[in-house]
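K.L.:
I am attaching a structure below and will ask some questions about it afterwards.
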Amino acid sequence: MLDLSRVQKELVDCNRDKSSGVSIDLVGDQLSHLAGTISGPIGTPYEGGVFRIDIRLPDGYPFEPPKMQFVTKVWHPNISSQNGAICLDILKDQWSPALTLKTALLSLQALLSAPEPDDPQDAVVAQQYLRDYPTFLGTARYWTEAFARRVSIGTEEKVQKLVEMGFPEALVRTTLENAGGDENMALEKLCSG
Amino acid sequence: MGWIKVITKESLLVAQREDLRNIMDLLEVSEKHARTLLIHHRWDADSLLAVFLEKERDRLFSEAGVTIAEPNVLAPLQSSQVTCNICNEDVSADAVTTMDCGHGFCNNCWTEHFIVKINDGQSRRIRCMFYKCNTICDEAIVRNLVSAKHPDLAERFDRFLLESYIEDNHKVKWCPSVPHCGNAIRVDGDGYCEVECSCGLQFCFSCSAEAHSPCSCLMWELWVKKCRDESETVNWITVNTKPCPRCLKPVEKNGGCNHVRCICGQDFCWLCGCAADQHHARSSCGSYKEEREKKTGQAKRDLFRYMHYYNRYKAHTDSLKLESKLKKAIQDMETISDSKEFSIKDFSWLTNGLYRLFRSRRVLSYSYPFAFYMFGDDLFKDEMTPEERELKQHLFEDLQQQLGANVEKLSHFIEESFDEFLQVDRIMGIRMQVINLSALIDNLCKKMYEFIENDLLGRLERVTHNIAPYESKGVERASELSDSWDSDDSLSMKTCNVDSYLQWDSSANGAGSSESGSPTDDSFDQSSSLDESGCSSRKRAKKEALDDPPFNLNLPAEGFDKN
Ligand SMILES: [Zn+2]
Ligand SMILES: [Zn+2]
Ligand SMILES: [Zn+2]
Ligand SMILES: [Zn+2]
Ligand SMILES: [Zn+2]
Ligand SMILES: [Zn+2]
Ligand SMILES: [Zn+2]
């Protein structure tokens, strides 16, 4: 069973420290589904971006690693540009129960600063990184602008509104995304489905 | 030749203990540390010792995850209450376990950690929970903590540790029998050999496929795949087909139209064989002809070449299947001759002849896929000049042909000897022929292997192909592993299978049996019957009566063929 008291303590500890650049929120009313946020590290093409990470805690947590995936699209050799899957050892075999969600998110932040193109998740991005670094920088910066700017707070507001209307947040997000951010279309879909 | 042992479920523990004890004594470590070291080095004690001599002890240990506890690290904790860094619970000091590395956490957390790892199949290397700590957890602690909560899981942990001896070990392989007989085979020595498990299955120890010498494992793998892929092709070619210019698969003409389509989607012209979307003009049809013909000619030559080897390979394999039926006939004949007042009672020459026939048939059969790759372009294109290749191919084919001709002769005589109405004189003549041919054939097989090993595979420069050596007396049967196996020179055979008459026969030699017609053994049970393993119960009864006599498998082949 999921160690609820440990997860609660982790949430409190992580969000108490505002300076770290990472935070964790509840998604629904289940402690097993969380949303992490990391700010793009300064001096990287991700600077100025805010990246959302979907966090699922398996029953065996913390003895099994948390499952993390980028929700925000990101151009990075170790993160799938298609689905946000992450290639990071501590989320796999190097996970230790002594690590926390916060340390994992900080590791992701570090990964944004220091990609490891030799152990890629996204082969296309990794090749570009190795062969044509300037283009890589350009694409990564463009993706940050397009998908991770704080402007997308607008999206957050839409989400907030729809959630307040009584729809579950996860559903709201996917519907909004499918509707291309169109609030009214999303609402229509939510009501019909 | 190496030592070949069968490891049953029961002897697994014994085998593992042996290796553990060895390392414990040499490195002066505990059993758990010996196990951790050996698992890290895939149970190869020699390589472990080599590393030990090369590096200092500490490096060897830390790389394998062995931490020898300093006494002060293990000193009892002073305070009575400790906060576990993982669950944040305050627990009493006696509910905390500290590993050799000095990292302590509460027992509940350790237990959860162990359970997750065991369920994950990682029993052999459960590391400490501390981040980046490489220390392997003490197996006794794992066992104790887990069994308190999940006794069945603790059992699984023990089984995993035990089976690591097979799965992580270069020298040991599971018998590939299906359904699995439960045994593993251990070979101390050259891993390129063919072995026989006590369940009767013969296989290549190196690749676990069926025994395939003189083909190398790669050759055999390619050949099996090729036969699967080409089986369709070979059948089709007999009817009127043309190879598709794209995929080279033969295509049958369907109706009168000369514009045909292959299953791969390629359209082509039936007349000239060239790729064509539509009916193409007569002029262009002819203009490509020469080049096309050359290309389709090449594809056809490749196919015919393959078929040449395949047909011969198949013919010998089929003959082997047919001839193996003679085994039963011999057994029947012996029974008859025992019951009747038959003038010839010793059939060991026939048994030996038949055995020689099986052996050489196999060699011959597998020599065709060998030649297909040895003298083809798939594997060794640049290893030989065309002239050199042609010369060697001729020499090889000479040997192959001599062997083939004599094998057919032997087969013929053996078949004839089953004729009930033969005169005694004729039987004596056949007997002579069979004995002489057997010796000759054994020699030819040896020569062929010598040629393969010295002049063909031995000359390769870019790649290495190893084959299981020719064993005149057949595939070595694994003997049971016992506690004292290290000092035991005699290989006892406890299995009943194709070649088991060998033992029976050799003991008959020892007993001074003669051809004069005296019964070779009084204990023959005349009501013998075949059991499902194809082995007569009489033989087994006799084996037991002899109490597993030592049998030297290295006995020269002449020993069998002489009488
Ligand atoms: Zn704990
Ligand atoms: Zn440790
Ligand atoms: Zn077996
Ligand atoms: Zn093999
Ligand atoms: Zn085709
Ligand atoms: Zn047509
Ligand atoms: Zn044509």
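The values are calculated or read from the model by the stated rules, or taken from the named source; none is laboratory data. Source: prediction; values computed, not measured. In this analysis, Cβ positions are derived from the backbone assuming ideal geometry, glycine residues included, and neighbour counts consider all displayed protein chains. Protein only, heavy atoms only, side chains kept; ligands, DNA and RNA dropped before computing areas. Shrake-Rupley method; radii C 1.70, N 1.55, O 1.52, S 1.80 Å.
K.L.:
Past 29 Å, Cα to Cα, is the threshold; run B:Lys32/B:Lys171; B:Lys171/B:Lys328; A:Lys9/B:Lys32; B:Lys226/B:Lys321; B:Lys117/B:Lys225 against it and keep the listed order. Please list the in-between numbers first.
P.N.:
On the way: B:Lys32/B:Lys171 21 Å; B:Lys171/B:Lys328 36 Å; A:Lys9/B:Lys32 37 Å; B:Lys226/B:Lys321 22 Å; B:Lys117/B:Lys225 38 Å.
Beyond 29 Å between Cα atoms: B:Lys171/B:Lys328; A:Lys9/B:Lys32; B:Lys117/B:Lys225.
K.L.:
Counting Lys and Arg as +1 and Asp and Glu as -1, each charge on the Cβ, what is the dipole of the range B:1-185 about the Cα centre in debye, to the nearest 20?
P.N.:
Values: 21 positive and 27 negative charges, 105 e Å.
Once rounded to the nearest 20, the dipole reads 500 debye.
K.L.:
If you take the beta carbon distance between B:Glu420 and B:Asp152 as r and set R0 to 60 Å, what does 1/(1 + (r/R0)^6) give as a FRET efficiency, to the nearest 0.05? Please report the intermediate quantities before stating the final value.
P.N.:
Numbers: r = 63 Å, r/R0 = 1.05.
Working from the Cβ atoms, E equals 0.45.
K.L.:
If you place +1 on the Cβ of every Lys and Arg and -1 on the Cβ of every Asp and Glu, how big does the dipole about the Cα centre of the range B:306-476 come out, in debye to the nearest 20?
P.N.:
Details: 23 positive and 29 negative charges, 70 e Å.
With only Lys, Arg, Asp and Glu charged at Cβ, the dipole is about 340 debye.
K.L.:
Let me ask something else. Using a basic spin-label model with each label point 7 Å from the Cα along Cα→Cβ, how many nm lie between B:Glu388 and A:Asp29?
P.N.:
Placing both labels 7 Å along Cα→Cβ, they lie 8.1 nm apart.
K.L.:
Now a separate question. Using the heavy atoms of the protein chains and a 1.4 angstrom probe, tell me the accessible area per residue for the range B:1-185 in square angstrom.
P.N.:
Values: 9160 Å² over 185 residues.
Solvent-accessible surface per residue comes out at 50 Å².
K.L.:
Next question. Could you work out [θ]222 nm for chain A from helices alone, using -39500 (n - 2.57) per DSSP H run of at least four and dividing by all its residues? Round to the nearest 500 deg cm²/dmol. It would help to have the intermediate numbers written out before the result.
P.N.:
On the way: 7 runs with 83 residues, N = 193.
That comes out to -13500 deg cm²/dmol.
K.L.:
At R0 = 35 Å, how high is the FRET efficiency between A:Tyr133 and B:Arg462 if r is their beta carbon distance? Nearest 0.05 is fine.
P.N.:
Between A:Tyr133 and B:Arg462 the formula returns 0.40.
K.L.:
Got the relative contact order for the range A:4-147 handy, in percent, Cα pairs under 8 Å and 6 or more residues apart? Mind showing how you got there, number by number?
P.N.:
On the way: 254 pairs, mean separation 30.5, N = 144.
Rounded, it is 21 percent for the range A:4-147.
K.L.:
Mind checking the full-extension length gain between A:Asn83 and A:Glu157? Use 0.36 nm per residue of separation minus the Cα-Cα distance, one decimal, nm. Please list the in-between numbers first.
P.N.:
Details: separation 74, 0.36 × 74 = 26.64 nm, distance 2.37 nm.
Stretched out fully, the A:Asn83 to A:Glu157 stretch lengthens by 24.3 nm.
K.L.:
If I model a spin label as a point 7 Å beyond the Cα along the Cα-Cβ vector, how far apart are those points for B:Asp58 and B:Arg159 in nm?
P.N.:
Taking the two extended label points, one gets 4.2 nm.
K.L.:
For the pair B and A, how large is the buried accessible area, both sides, in square angstrom to the nearest 100, if the probe is 1.4 Å? Working shown, then result.
P.N.:
Working: alone 28930 and 10460 Å², together 38230 Å².
For B against A, buried area totals roughly 1200 Å².
K.L.:
What is the packing order of peptides B:304-312, B:454-462, B:355-363, taking the mean over residues of other C-beta atoms within 10 Å and listing the highest first? Working shown, then result.
P.N.:
Details: B:304-312: 15.8, B:454-462: 13.6, B:355-363: 23.4.
The peptides rank, most packed first, as B:355-363, B:304-312, B:454-462.
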